[in-house]
Structures are given as structure tokens and as C-alpha cells.
Amino acid sequence: MTAKLLEGGALANQIRAEIAREAKVLKEQGRQVCLAAVQVGEKPESVMYVKSQEKVCAEVGIAFRLVQLPSAISQAVLLHAIEELNKDPSVHGIILQLPLPARLDARLAQRAIDPRKDAEGVHPINLGLIVYGATQRAPCTAIAAYSLIKSLHVDLYGKEAVVVGHSQIVGKPIGLLLLHDYCTVCTCHIATRDLAAHTKRADLLVVAAGKPRLITKDMVKPGAIVVDIGVNRVPVLDAKGQPVLNEKGNPKHQILGDVDFEGVKEVAEWITPVPGGVGPLTVTMLLRNVMEQAKQDAK
Ligand code: NAD
């Protein structure tokens, strides 16, 4: 069997088009939808994320406001900046760019964001609401993977679902979301004794471990739906296992998922590519969370 590709691009474009339509309607009513990003210092990873967020916001007509704070600020100053955005009626979503300098407590700062403006869905209140099946401000990656699964329109009732990874914002919420569809959910993690024994039983296998090629062909049930959330930047190696260099003489890198795509595609029925699977939907869910709040405010 060669698996069918479960790609996120088309669904992401469809949701973004809807968001763009809604943003236009609100703008015509004099309401500009706005996402504010708080960035402390200028770590290259967060600079890269800020640029891509700014770009996707522009594409759907959402204004992007960057609040840049020097890396030497105290926790109190960071909390104050978040509070100002909470109070600002022209801001509908807030995102805290990570990583923060080590001195600052990221979790405390995320908790300071008004849960209604929590664009990433990482506030404890929004995480807690998932227990009730509420997904209006769900964590972006979890809801992205879940939406991709739902886009297949397969009956999930009674399916064996195995989630590899139990992080607060990815693995755990995905398990809860699948429970709502009456999947029998098993969550595996670093202390799971025999990972393959679990994954081999999965009709639906969702992997978010951050371990390149953790899931191999022999660990997957024939006909399974395989959703790979992992994003791993690894060096490209030649046939002798030596790093391949780029034109500047630096090691070349590639992005791999947590699933051995080439092997697993021979047994699965559906498989997400990496990149191109869950990734395009994740940032779309960020926009969707912002739009949800803007629509609430407009009522
Ligand atoms: P995390 O490090 O917080 O959690 C990793 C989880 O995997 C933990 O529960 C850990 O116990 C488990 N794990 C690690 N090694 C394991 C092993 N050998 N066997 C079984 N379980 C193992 O990571 P996270 O934030 O949940 O992210 C997971 C992956 O998803 C990462 O690769 C990350 O880059 C990726 N990610 C992708 C997107 C996207 O948009 N596609 C967004 C966020 C995160």
C-alpha cells in the first residue's frame, strides 16, 4: 500500500480565506482586527517567528503590532506590558514570543494574558476548557492536528487512537479532543515501556515527540491514519554518514518529522508529510483564535 497524503495546505487556505472575509467585514464596520506580539530581546528563532506571523496576518487583513522589550527587563515590566495589551480594546489577540531570557518566567507571563486574548491557546483556562470539548481558544498545534484528522470525515467512534507525546500544549490536549469523538485514547511518553506494542494497535497514530524517525514501518498498523507533528532540524548526511556541507562550508540541514515517512507510507492509509502536514494549519489556528475574539467584541 502507498498511503494517501494528508496535507494541511488546502484546509489552511480555506480557513484563511474565511478569516480574510471576516476581517474585511469587521473593517467595513470600523473594526480593525489586531494581533499583538510581545518580544523580549532578539533571539534569532523568535525574530523568524515574528516575521512569519507578520506576513500571514498581512495576508488575511489582520494588523500586527510588535511590542519589543529589551532583554534586560524585569518580570514586573513584562507583566505590565501584557496588562496594557489586555486593557487595550483595539487588540484582539496577544502572543508571547518564546524563548524568553532564562531569568523570566514564561508560564507566569502566559498566565497574565487575558484568556480571551490568548491567541496561542496556552492559558490554563483555555487548556482547561478542552476538558469540556470547547475549542474556541485551543492550543494552535493541537487544534491544527485535530482539524486535519476531522477533515478526513472518517468515523472516529471507537477507534484506537495512540498519541505519542504528552506535553501540555500538544499531546495532552490532542488526547482530550479525540476522547470527545469517542476514540479509545492511549497516550505514550518517554517512560512508556514498549512504545511499539501501543503504536501497532493504533487506527489513528498522532506523534509529537520531537524525535526524528522515532516511528518506523514495523511500529504501524496497516491502514492506519498517521499524523506527524514533529519538526526536527537535522544535518543532511552523505552515504558514508558524513555531514553534507553547503556552499558556505556549513553543514546542510533538513526538516524531518517524528515518523520515518518513506517506510511508514508503505503501510499507512493516510500520512501527513513534514513539512506540509500540520505545520501550515498551526499558524492558521493562531489567526482563527484572534478572529474569534474580534467577533466576540463586535457582538
Ligand atoms: P515536548 O518536548 O514538550 O514533549 C515531547 C513529548 O514526547 C514528551 O511527552 C515526551 O515524554 C515524549 N517523548 C520524547 N521522546 C520519546 C520517546 N522516545 N518515546 C515516547 N515518547 C517520547 O515537545 P512538544 O512541544 O509537544 O513538541 C513535540 C514536537 O512537535 C516537536 O518536534 C516540535 O517541534 C513539534 N511541534 C510542531 C508544531 C507544528 O506546527 N507542526 C508545533 C509545535 C510543536
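Report the relative contact order of the stretch 141-299, percent, no decimals, based on alpha-carbon pairs under 8 angstrom and at least 6 residues apart.
Working: 306 pairs, mean separation 35.4, N = 159.
RCO, the stretch 141-299: 22 percent.
Positive end of the dipole of the chain, charges at C-beta (+1 Lys, Arg; -1 Asp, Glu), about the Cα centre: which of Pro222, Ile94, Gly257 has its Cα farthest in that direction?
The Cα lying farthest towards the positive end belongs to Ile94.
Jot down the per residue volume, in cubic angstrom and as a whole number, of the convex hull over the alpha-carbon atoms of the chain.
Considering the Cα atoms of the chain, their hull volume per residue is 155 Å³.
Reachable aspartates and glutamates from Lys211, Cα under 14 Å, same-chain residues fewer than 8 places away excluded?
Asp228, Asp258, Asp260
Going through the stretch 216-283, which trypsin sites (Lys or Arg not before Pro) have at most 15 other Cβ atoms within 10 Å and a DSSP loop state? It would help to have the intermediate numbers written out before the result.
Working: sites: Lys217, Arg233, Lys240, Lys248, Lys252, Lys265; in loops: Lys240, Lys248, Lys252, Lys265.
Listed in order of number, the matching sites are Lys240, Lys248, Lys252.
Compute the long axis of helix 140-150 from its Cα atoms, compare it with the longest principal axis of the Cα atoms of the chain, and write down the angle in degrees, 0 to 90, nearest 10.
The helix 140-150 is inclined about 50 degrees to the chain.
Once you have the Kirkwood Rh of the stretch 139-279 from its Cα pairs, apply Stokes-Einstein at 20 °C and 1.002 mPa s and quote D in µm²/s.
Numbers: Rh = 15.5 Å.
Stokes-Einstein gives a translational diffusion coefficient of 138 µm²/s.
Dipole of the stretch 1-132, Cα-centred, from +1 at each Lys and Arg C-beta and -1 at each Asp and Glu C-beta, to the nearest 20 debye? Can you show the working numbers first?
Values: 16 positive and 15 negative charges, 23 e Å.
In total the dipole reaches around 120 debye.
With +1 on the Cβ of every Lys and Arg and -1 on the Cβ of every Asp and Glu, and nothing else charged, how large is the dipole of the stretch 221-299 about its Cα centre, in debye rounded to the nearest 20? Please report the intermediate quantities before stating the final value.
On the way: 9 positive and 10 negative charges, 55 e Å.
Charge dipole of the stretch 221-299: 260 debye, to the nearest 20.
So how much slack lies between Lys51 and Val131, counting 0.36 nm per residue of separation and subtracting their Cα-Cα distance, in nm? The partial results should precede the final answer.
Values: separation 80, 0.36 × 80 = 28.80 nm, distance 3.33 nm.
My answer for the length gained is 25.5 nm.
The stretch 49-199: Rg/Rh from Cα coordinates, Kirkwood Rh? Please list the in-between numbers first.
On the way: Rg = 17.9 Å, Rh = 17.4 Å.
When Rh is taken as the Kirkwood radius, the ratio is 1.03.
Within the stretch 138-240, list the chymotrypsin sites (Phe, Trp or Tyr not before Pro) lying in a DSSP loop whose Cβ has at most 10 other Cβ atoms in a 10 Å radius. Don't jump to the answer; show the numbers that get you there.
Details: sites: Tyr146, Tyr157, Tyr182; in loops: Tyr157, Tyr182.
Hits after loop and neighbour filter: Tyr157.
Output wanted: per-residue J couplings in Hz (rounded whole) for the stretch 265-278, from phi through Karplus 6.51 cos²θ - 1.76 cosθ + 1.60, θ = phi - 60°, x for Gly and Pro.
With coefficients 6.51, -1.76 and 1.60, one gets 5, 6, 10, 6, 8, 10, 8, 8, x, 10, x, x, x, 6 Hz.
Could you work out the Kirkwood radius for the stretch 30-115, taking every pair of different alpha carbons, averaging 1/r and inverting it, reported in Å? Please report the intermediate quantities before stating the final value.
On the way: mean 1/r = 0.0757 Å⁻¹.
Every distinct Cα pair counted, the radius reaches 13.2 Å.
Given charges of +1 on the Cβ of Lys and Arg and -1 on the Cβ of Asp and Glu, with all other atoms neutral, how large is the dipole of the chain about its Cα centre, in debye to the nearest 20? Don't skip to the end; give the middle numbers.
Details: 35 positive and 31 negative charges, 43 e Å.
Computed charge dipole of the chain: roughly 200 debye.
Run the simple label-point estimate for Asp194 and Asp88 please: 7 Å along Cα→C-beta, distance reported in nm.
The modelled label-to-label distance comes out at 5.6 nm.
Any idea what angle helix 171-180 forms with the longest principal axis of the chain, computed on alpha-carbon atoms, 0 to 90 degrees, nearest 10?
Helix 171-180 sits roughly 80 degrees off the main axis of the chain.
Starting from the Cα of Val77, step 7 Å along the direction of its Cβ; do the same at Val234; then give the gap between the two resulting points in nm.
That separation, rounded to one decimal, is 4.2 nm.
At 222 nm, what helix-only mean residue ellipticity would the chain give, in deg cm²/dmol to the nearest 500, using -39500 (n - 2.57) for each DSSP H run of four or more?
Values: 10 runs with 113 residues, N = 299.
Estimated from H runs of four or more residues: -11500 deg cm²/dmol.
If I fit a long axis through the Cα atoms of helix 75-87 and take the longest principal axis of the Cα atoms of the chain, what angle between them do I get, 0 to 90°, rounded to 10?
80
So, in nm, how far is label Arg201 from label Asp105 when the simple model puts each one 7 Å beyond its Cα toward the Cβ?
Between Arg201 and Asp105, the label points sit 4.0 nm apart.
Enumerate by residue number the GluC sites (Glu not before Pro) in the stretch 212-299 meeting two conditions: DSSP loop (anything except H, G, I, E, B), and at most 10 other Cβ atoms within 10 Å of the site's Cβ.
On the way: sites: Glu247, Glu262, Glu266, Glu269, Glu292; in loops: Glu247, Glu266, Glu269.
Listed in order of number, the matching sites are Glu247.
Since every read-out is calculated from the coordinates, none of them should be taken as a lab result. Values in this document were obtained by computation on a predicted structure and should not be read as measured data. Backbone-built Cβ (ideal geometry, glycine too); neighbour counts: all protein chains shown.
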